[in-house]
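The values are calculated or read from the model by the stated rules, or taken from the named source; none is laboratory data. As the structure is a prediction and not an experimental result, all values here were calculated from the model. Counting neighbours? That spans all protein chains shown, and the Cβs are built from the backbone with ideal geometry, glycine included. Just so you know, the surface numbers come from the protein's heavy atoms only, side chains and all, with ligands and any DNA or RNA stripped out. Shrake-Rupley method; radii C 1.70, N 1.55, O 1.52, S 1.80 Å.
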Amino acid sequence: MTAMTRPLAGLVVNLSVSESGDSAARGFPSWQVNRVTLQFVAALFGQGASAAFGHDWREDGVMEAVHGFALQVQPPIPLSPESAEVEAEPLLRNILPWPDVPRLSELEQEQLRSTLKVESAGLPEELRQFDTDARAAGPSSPLYGYLRARGLTFLRHRLNDVSHVRLCVGGRRSGSQGRYPGVIEEALLAVQQNKPLYLASILGGASEQIVEAVEGKNMPGDFCESTPIERLYQQPPVNETDVVTSADRTIDRIAVWREFAAAGRQRIAATNGLTNEENDELLHTLVIERAIELLLTGLSRIRPA
């Protein structure tokens, strides 16, 4: 198999596909959401693209299934020099937020390195000095909670850096350990950096709220609802002065909604290779296979750039 037959080889897609508070009511219980994840992964791997995830292997087994599929489609060795260059990265990449550690041993990671790369995102440089104290204080302490939230944002920046595009489907609207629900913050970073973004509301949840914002609808009351984390940001347990991370240290749900609304359908379409009409269909389709088809269509158009 060569780069010629793998048109998306070298492209890294950050996948944010997860269940939401209303996905089960839409006909997608947890096991079905995992199946949706595998469908997206299979389509991407089949075209040679790599997938990046922002979490470790969960108890639901979806990551084991994803890795098993990656093993099946791993290109044969030896590769031509041209193919080797674009296939250099493993098909599957896990980046973990502070303070999570890989469940796989170093030996297991070494054995799987041709298809899987696991790394820890860590903390912003200014906060690394508090790592030991936060771990000692434990998850119930303000220091730990604040570093966890800041670490999640740092992870999402890292995912933005290593990925060429982002796909957001589902996601919970509440219960996040970060400053915003994960899917919302990931989509926000993509918009802020003009990263190609693909949105689908088929699983409801946070991605559906982003769709509503992009379409210019009014902000619902439960968008990025206030949490105890917000109070930590108002009165942080440590002092930060780095101007580079100043924007990451604020929580403003109204500003986030306005940023999605300002991006609108036009800016989303300008970066992701789909027309306005195709994006509208992706935003609202009830058919997973059609969502995958539209994703691959957009990727095929932006890949040459």
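Within the range 242-260, is there a residue that is within 15 Å of the chain's Cα centre (by Cα) and more than 27 Å from residue 301 (Cα to Cα)? No: the range 242-260 contains no residue that is within 15 Å of the chain's Cα centre (by Cα) and more than 27 Å from residue 301 (Cα to Cα). Looking across the range 261-278, the residues that are in contact with a strand residue (DSSP E or B) (Cβ under 8 Å, 6 or more places away or on another chain) and of a type in the set (Val, Ile, Thr) come down to 268, 271.
Residue-wise test of (1) touching a residue at least 40 places away in the same chain (Cβ under 8 Å); (2) among the aliphatic types (A, V, I, L, M).
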site: 140; (1), (2): no, no
site: 165; (1), (2): yes, yes
site: 171; (1), (2): yes, no
site: 190; (1), (2): no, yes
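Going through (1) modelled with pLDDT under 70; (2) in contact with a strand residue (DSSP E or B) (Cβ under 7 Å, 6 or more places away or on another chain); (3) under 24 Å from residue 146 (Cα atoms); (4) open to solvent by 50 Å² or more (accessible area, probe 1.4 Å) one by one, residue 58 falls short only on (2).
Restricting the range 204-242 to residues that are in contact (Cβ under 8 Å) with a residue 24 or more places away in the chain, outside any loop (DSSP other than H, G, I, E, B) and over 30 Å from residue 35 (Cα atoms) leaves a set whose member that is most open to solvent (accessible area, probe 1.4 Å) is 228. Residue under question is residue 201, and the condition is that it be open to solvent by less than 50 Å² (accessible area, probe 1.4 Å), in contact with a His (Cβ under 7 Å, 6 or more places away or on another chain) and under 30 Å from residue 11 (Cα atoms); does it hold? In short, yes. Does residue 279 count as open to solvent by 60 Å² or more (accessible area, probe 1.4 Å) and outside any strand (DSSP E or B)? Criteria not met by residue 279.
Within the option set 166, 173, being touching an Asp or Glu at 6+ places or on another chain (Cβ under 8 Å) and open to solvent by 20 Å² or more (accessible area, probe 1.4 Å) holds for one residue only, 173.
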